[in-house]
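A.B. asks: The structure follows.
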Amino acid sequence: MCGISGFVDFNKKTDRTVLEKMNRIMAHRGPDGEGYGMYETTEAILGLGHRRLSIIDLTAGGSQPQNFEHLHISFNGEIYNYAEIKTELEQKGHTFQSHSDTEVILHAYYEWGPAALQKFIGMFAFAIYDEGAKKIFACRDRAGVKPFFYYWKDDLFLLGSELKALMQHPAFVKSINLDAAAAYMQFGYVPTPHCIFNDAHKLKPGHYIELDLVSKAISTTQYWNVYDAYNQPTLQIDLPTAIQETSNLLKNAFQYRMVSDVPVGVFLSGGYDSTCVAALLQANNTEKIKTFTIGVPDAGLNEAPFAKETAARLGTDHTEYYCTEKEALEIVPTLPFFYDEPFADSSAIPTTLVSRIAREKVTVALSADAGDEVFAGYNRYDYVLKYGGKIKNIPGFMRKAGAALMDRIPADAIPYFNKKYLFHSRYEKVKSLLKNPTDRNIMMSITAQMNEKDLADLFRKPIHGLATAFDSKELKPENFSVLNYMMAIDYQTYLLDDILQKVDRAGMSVSLEGREPFLDQRIIEWAARLPMEYKYNKGVKKFILREIVHQYIPKEMMDRPKMGFGIPIAAWLQKDLKPFVEQYLSEDFIQKQQIFNNQEIQRIKKSFYQGKTERAEKVWYLLMFQMWYDKWMNNN
């Protein structure tokens, strides 16, 4: 795991000191070393920077940028099957100077060009300067485990693992994209490929871009698409065979993630996903694997007893740490630096804490994210399957009449219920679904924190919706089911922009490499084709994954409510974080900022402190945006 940075300046004004500044602000991503490559052509000056966290080939042979023939690379990530690819290349006459996967990428690109990406099993974001072809080739892995930001304006192209690297360039224009800010207020993140700044972008997963240095043209190509898996025919396979084949595939994918020249551990919550990773790895390794969990009992967050029980049953080398609420709260002021684009998932706090504990013993930690998206694990899938169809079956005239009545009677005017927690937001969502019970609208209603009216009230200027993966129509009609639709959307939205961003930044804040074994592309390509009842079976979510786990841990040990990394946001905002709210949501701050409608901000804040605790999420979203704004717009 590392950090990459770079530039192509057709104005020929950027020098190495700027590249160093871009690179060094990401020192946390790679404390083991830094490297630079400067190149000049008749068209432009180019630079590639690299921060190194040594994982594979700890010698100088793993340093970057690396060069081979006319190719120069800066690479972040891991190619887990690099040894097999290396053997294939050696049979074609290639010779190697190191044991690093970086060198294998260079030779593979030299041999096969962009087609080399089809051979890689791993997580990666890299940029190659092809001196011979006079172009930049840059790509991102299939699921988007590794981040890749870029900026293109006024003949200046910038790239980096984090947005803050791009901001260090003196020509970077920090002009806020208000539509992206509105999307953040909806989802708690800015959805890919958009960015909080105009002219800045996130490279989509499964895509690569090429910048032609002669014509200055940028082209984008998709080399992998999750819908290609969902649009395949459903497998005709019996359950015992499906369990065995799935188990074999998971074992192989998980074991690949153990490839390392430094210590590796596993985050263990005691839930099905992390237990699956730990169980299959421990069963296939003679040494005890290291597992880690964290508890914050006074904040109501404590999965540690479940994880300890699971670890004892599996026989892992387990570390648990109980931190105080004070330690958790101390993370909050650090969030805007590491999450340098507005980000509102409060579970970034415990994720950062558990990363700190793991880093004391290991340099690599496996996380069990994506089990829900791949094997149908979210509670909202239950909600849609139980209620989505019922709403659709209401005759159209009745739905329209009900919605019209709700339009005339605001939630506040309904006695008794208007004092119930979340009644107002649920009232608005039901009204929206009565008006438009499409699958997309159902998905948005359970995903978005704010609707269009909320956003119009919140922002001073008119805002417009962004094109996102929520709008995809790539799932073929013959393959359509509500679950397939939701899982494919979640794979490209919530998983990508929330979970993976959270884990990357939290781990990298302490120089810990996070690996995502469930995101081996072979798993989703297999699972997408399994019969739906093997994933969601009569209300039992992640059915096949549960069956595999029960081979190692008794069912009675595992059957408990899903916890997750919940944080008591409402209580914190009412007490410990209230000074931050008063500072960043003050009338003066809002007025100077000129982004939000001051009256609406004060209304939300006042109603929250007067007892509308369901507004806690809105207040938290606003606070995280304001703290980000203060860090990167006011102080930089």
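A.B. asks: So, of the residues in the stretch 414-467 that are of a type in the set (Val, Ile, Thr) and under 24 Å from Lys612 (Cα atoms), which turns out to be modelled with the highest pLDDT?
C.D. replies: Thr447
A.B. asks: Here is a further query. Among the residues of the stretch 235-243, is there at least one that is exposed (fewer than 15 other Cβ atoms within 10 Å of the Cβ), free of Cβ contacts under 8 Å to residues at least 40 places away in the same chain and assigned by TED's automatic domain parsing to the domain that holds Asp32?
C.D. replies: Scanning the stretch 235-243, I find no residue that is exposed (fewer than 15 other Cβ atoms within 10 Å of the Cβ), free of Cβ contacts under 8 Å to residues at least 40 places away in the same chain and assigned by TED's automatic domain parsing to the domain that holds Asp32, so the answer is no.
A.B. asks: Let me ask another. Report those helices (runs of 4 or more DSSP H) wholly inside the stretch 420-508 carrying at least 3 residues which are within 22 Å of the chain's Cα centre (by Cα).
C.D. replies: It comes to 439-447, 482-492, 501-508.
A.B. asks: Are any of the residues in the stretch 83-103 touching a helix residue (DSSP H, G or I) at 6+ places or on another chain (Cβ under 7 Å), of a type in the set (Phe, Trp, Tyr) and touching a residue at least 12 places away in the same chain (Cβ under 8 Å)?
C.D. replies: So far as the stretch 83-103 goes, no, none of its residues is touching a helix residue (DSSP H, G or I) at 6+ places or on another chain (Cβ under 7 Å), of a type in the set (Phe, Trp, Tyr) and touching a residue at least 12 places away in the same chain (Cβ under 8 Å).
A.B. asks: Do the conditions hold for Ala358, that is, is it in a helix (DSSP H, G or I) and either more than 17 Å from Asp273 (Cα to Cα) or free of Cβ contacts under 8 Å to residues at least 40 places away in the same chain (or both)?
C.D. replies: Answer is yes for this residue.
A.B. asks: Within the stretch 146-246, considering only helices (runs of 4 or more DSSP H) that don't extend past its boundaries, which have at least 1 residues that are touching a helix residue (DSSP H, G or I) at 6+ places or on another chain (Cβ under 7 Å) and charged (D, E, K, R)?
C.D. replies: none
A.B. asks: Tally time: how many residues in the stretch 578-597 are surrounded by fewer than 19 Cβ atoms within 10 Å (Cβ to Cβ) and more than 22 Å from Ser175 (Cβ to Cβ)?
C.D. replies: Of the residues in the stretch 578-597, 8 are surrounded by fewer than 19 Cβ atoms within 10 Å (Cβ to Cβ) and more than 22 Å from Ser175 (Cβ to Cβ).
A.B. asks: State all residues of the stretch 321-346 that are surrounded by fewer than 18 Cβ atoms within 10 Å (Cβ to Cβ), charged (D, E, K, R) and outside any loop (DSSP other than H, G, I, E, B); if no residue qualifies, say none.
C.D. replies: Lys326, Glu327
A.B. asks: Within the set of pairs 6+ apart or on separate chains, which have a first residue in the stretch 57-77 that is in contact (Cβ under 8 Å) with a residue 60 or more places away in the chain, a second that is buried (at least 22 other Cβ atoms within 10 Å of the Cβ) and assigned to a loop (DSSP other than H, G, I, E, B), and C-beta atoms under 6 Å apart?
C.D. replies: Asp57/Ser100; Ser74/Gln64; Ser74/Pro65; Asn76/Lys146; Asn76/Ser161; Gly77/Lys146
A.B. asks: In addition: Being more than 24 Å from the chain's Cα centre (by Cα) and either of a type in the set (Asp, Glu) or closer than 17 Å to Val364 by Cβ (or both) narrows it down to one of Val266, Val262, so name that one.
C.D. replies: Residue meeting the stated conditions: Val262.
A.B. asks: Tell me yes or no: at least one residue of the stretch 268-277 is in contact (Cβ under 8 Å) with a residue 40 or more places away in the chain and surrounded by fewer than 18 Cβ atoms within 10 Å (Cβ to Cβ).
C.D. replies: Looking through the stretch 268-277, none of the residues is in contact (Cβ under 8 Å) with a residue 40 or more places away in the chain and surrounded by fewer than 18 Cβ atoms within 10 Å (Cβ to Cβ).
A.B. asks: Considering the stretch 95-128 alone, what residues qualify as being assigned to a helix (DSSP H, G or I) and either closer than 22 Å to Met38 by Cβ or at pLDDT below 95 (or both)?
C.D. replies: Asp101, Thr102, Glu103, Ile105, Leu106, Tyr109, Tyr110, listed by residue number.
Yes/no per residue for (1) outside any strand (DSSP E or B); (2) of a type in the set (Val, Ile, Thr); (3) more than 23 Å from the chain's Cα centre (by Cα); (4) in the same structural domain as Lys146 (by TED's automatic domain parsing):
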position: Lys21; (1), (2), (3), (4): yes, no, yes, yes
position: His28; (1), (2), (3), (4): yes, no, no, yes
position: Gly61; (1), (2), (3), (4): yes, no, yes, yes
position: Ser74; (1), (2), (3), (4): no, no, no, yes
position: Glu78; (1), (2), (3), (4): no, no, no, yes
position: Lys86; (1), (2), (3), (4): yes, no, yes, yes
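Condition check ((1) over 26 Å from Met258 (Cβ atoms); (2) out of contact with any strand residue (DSSP E or B) (no Cβ under 9 Å at 6 or more places or on another chain); (3) in the same structural domain as Thr246 (by TED's automatic domain parsing)) across all residues:
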| site | (1), (2), (3) |
| --- | --- |
| Leu495 | no, yes, yes |
| Ala506 | no, no, yes |
| Ser509 | no, yes, yes |
| Arg515 | no, no, yes |
| Phe518 | no, yes, yes |
| Trp526 | no, yes, yes |
| Asn537 | yes, yes, yes |
| Phe543 | yes, no, yes |
| Ile553 | no, yes, yes |
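A.B. asks: Mind checking which residues of the stretch 574-585 are within 17 Å of Trp628 (Cα to Cα) and touching a residue at least 40 places away in the same chain (Cβ under 8 Å)?
C.D. replies: Hits for the stretch 574-585 are Leu577, Phe580, Val581, Tyr584, Leu585.
Conditions (1) aliphatic (A, V, I, L, M); (2) surrounded by fewer than 19 Cβ atoms within 10 Å (Cβ to Cβ), marked per residue:
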position: Val364; (1), (2): yes, no
position: Asp369; (1), (2): no, no
position: Arg380; (1), (2): no, yes
position: Lys386; (1), (2): no, yes
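A.B. asks: Still on this model: Mind counting the residues in the stretch 307-320 that are out of contact with any helix residue (DSSP H, G or I) (no Cβ under 8 Å at 6 or more places or on another chain) and either farther than 25 Å from Val266 by Cβ or outside any helix (DSSP H, G or I) (or both)?
C.D. replies: Residues flagged as out of contact with any helix residue (DSSP H, G or I) (no Cβ under 8 Å at 6 or more places or on another chain) and either farther than 25 Å from Val266 by Cβ or outside any helix (DSSP H, G or I) (or both) within the stretch 307-320 amount to 1.
A.B. asks: Report whether or not Ala115 is surrounded by fewer than 16 Cβ atoms within 10 Å (Cβ to Cβ), without any contact (Cβ under 8 Å) to a residue 12 or more places away in the chain and within 28 Å of the chain's Cα centre (by Cα).
C.D. replies: Here the answer is yes, as Ala115 does meet what is asked.
The values are calculated or read from the model by the stated rules, or taken from the named source; none is laboratory data. The shown structure was predicted, so the numbers you read here are calculated from the model rather than taken from an experiment. Cβ coordinates were reconstructed from backbone atoms using ideal geometry, including for glycine residues, and neighbour counts include every protein chain displayed.
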